[in-house]
Amino acid sequence: MVFQLCCPVWQAWTQAAILSGALAVDRNDPEIYDLDWIPQGWPWVDPLKDVQGKLTEVRSGFLSRTKVVSEQGYDAEEMDREIASHNERADSLGLVFDSMVARRQRPAKNKPSLAQERARTRVMRLG
C-alpha cells in the first residue's frame, strides 16, 4: 500500500506544494522525496514469544533496535529521547529498574575494573 498509494500521493503533493510556492525547496533535490513510512504496528499473537524473538535478533545483530521500534509503529529517535528523559528522572529520584542493567554495570571512571582488582589482590597475596 505504501509504494502503490502513499509514495505517489507524497510525490504529487510535494510537487504541487513546490509549484504553488508553498514549499520553498529545489524540486530536483531527491531528498525531499526520501521519506520513511511507519505504519501502525499490528497487535501480537503471543507477546512474550514475539518480544523474546526480537530481543534475540537484536542481540545477535540480525536486526537493529531501530527496525524493531519502527515495526511497532513508533519513531526510534523519539523513543530514545523519551527513554533518556525517563532515565534522567529515575536517576534524580534514585530509582532503579531492570531496564537499567547496562547502566549499572558500567564501571565508574575512577573505579578499577574487575581484572585490575583481581591483579591487585593477586599481587597482595604474593607479596
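The values are calculated or read from the model by the stated rules, or taken from the named source; none is laboratory data. Since the structure is predicted, the reported quantities are computational estimates derived from the model, not experimental observations. Note: ideal-geometry Cβ built from the backbone for every residue, glycine included; neighbour counts use all protein chains shown.
Among ASP26, ASP36, ASP75, which is free of Cβ contacts under 8 Å to residues at least 24 places away in the same chain and either of a type outside the set (A, V, I, L, M, F, W, C) or out of contact with any strand residue (DSSP E or B) (no Cβ under 9 Å at 6 or more places or on another chain) (or both)?
On the way: ASP36 fails: free of Cβ contacts under 8 Å to residues at least 24 places away in the same chain; ASP75 fails: free of Cβ contacts under 8 Å to residues at least 24 places away in the same chain.
Matching residue, one of ASP26, ASP36, ASP75: ASP26.
Among the residues of the stretch 40-69, those identified as at pLDDT below 90 and closer than 29 Å to VAL9 by Cα are GLN40, GLY41, TRP42, PRO43. Sort out which residues of the stretch 53-86 are outside any helix (DSSP H, G or I) and either in contact with a Leu (Cβ under 7 Å, 6 or more places away or on another chain) or surrounded by 13 or more Cβ atoms within 10 Å (Cβ to Cβ) (or both), and write them in order of number. The answer is LEU63, GLN72, TYR74, ASP75.
Exactly one residue among TRP37, TRP10 is in contact with a Cys (Cβ under 6 Å, 6 or more places away or on another chain), surrounded by 10 or more Cβ atoms within 10 Å (Cβ to Cβ) and either at pLDDT below 85 or in a helix (DSSP H, G or I) (or both), and that residue is TRP37.
When residues of the stretch 19-43 are filtered for being hydrophobic (A, V, I, L, M, F, W, C) and over 27 Å from ASP75 (Cα atoms), how many remain? Number satisfying all stated conditions: 1. Among the residues of the stretch 87-101, the ones that are exposed (fewer than 11 other Cβ atoms within 10 Å of the Cβ) and in a helix (DSSP H, G or I) come to 6 in all.
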